[in-house]
Amino acid sequence: GGDAVSPARFQAILRRQMTNLSWGGSMEDYASAGIYSKHLSSWFEAFSRRQFLVVEYSRLVHGDTAGELLRIARFLGVSPDGVLRAWEEERRFKRNLTKPSKMGDIPCSFMREVSGFYAPHNEALYRLLEETRGDA
């Protein structure tokens, strides 16, 4: 991995990329990396939709984490016991860490700007997933 990017630098890079979107593939290509419909549609052309499980971050991290992990384990055909045990171990480990979040350094106005930028791309993702649901 590389060095961490400061919140101010991240904002400047992302704002520039949202204004002039490209698919350059650099390590700092933040804007296009979050346009999942473009990435997934290419993969769906090459492989059966049944080979993909799309996991919603907010459900995995902020929602029913155990339920999502069980869904992932079933999809992968691995033991749910091992997955849940590893998750519990990681939770215990993370409780012992005190790493402050840098997200608080990013203004709400910028987060709204980013949300507005991604809104049509997220809608395209939802349409793509709905259209390919029958292939799953």
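The values are calculated or read from the model by the stated rules, or taken from the named source; none is laboratory data. Here the structure is a predicted model, which is why all the values come from computation and not from measurement. Reconstructed Cβ throughout: ideal geometry from the backbone, glycine too, with neighbour counts over all protein chains shown.
State yes or no: is His62 at pLDDT 85 or above and in contact with a Ser or Thr (Cβ under 9 Å, 6 or more places away or on another chain)?
No.
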Exercise. Identify all residues within segment 46-70 that are under 18 Å from the mean Cα position of the chain (by Cα), under 21 Å from Asn122 (Cβ atoms) and assigned to a helix (DSSP H, G or I); write none if there are none.
Key: Tyr57, Ser58, Arg59, Leu60, Val61, Glu68
Quiz item: Looking at Ala4, is it exposed (fewer than 10 other Cβ atoms within 10 Å of the Cβ), farther than 28 Å from Leu76 by Cβ, among the hydrophobic types (A, V, I, L, M, F, W, C) and modelled with pLDDT under 90?
Solution: yes
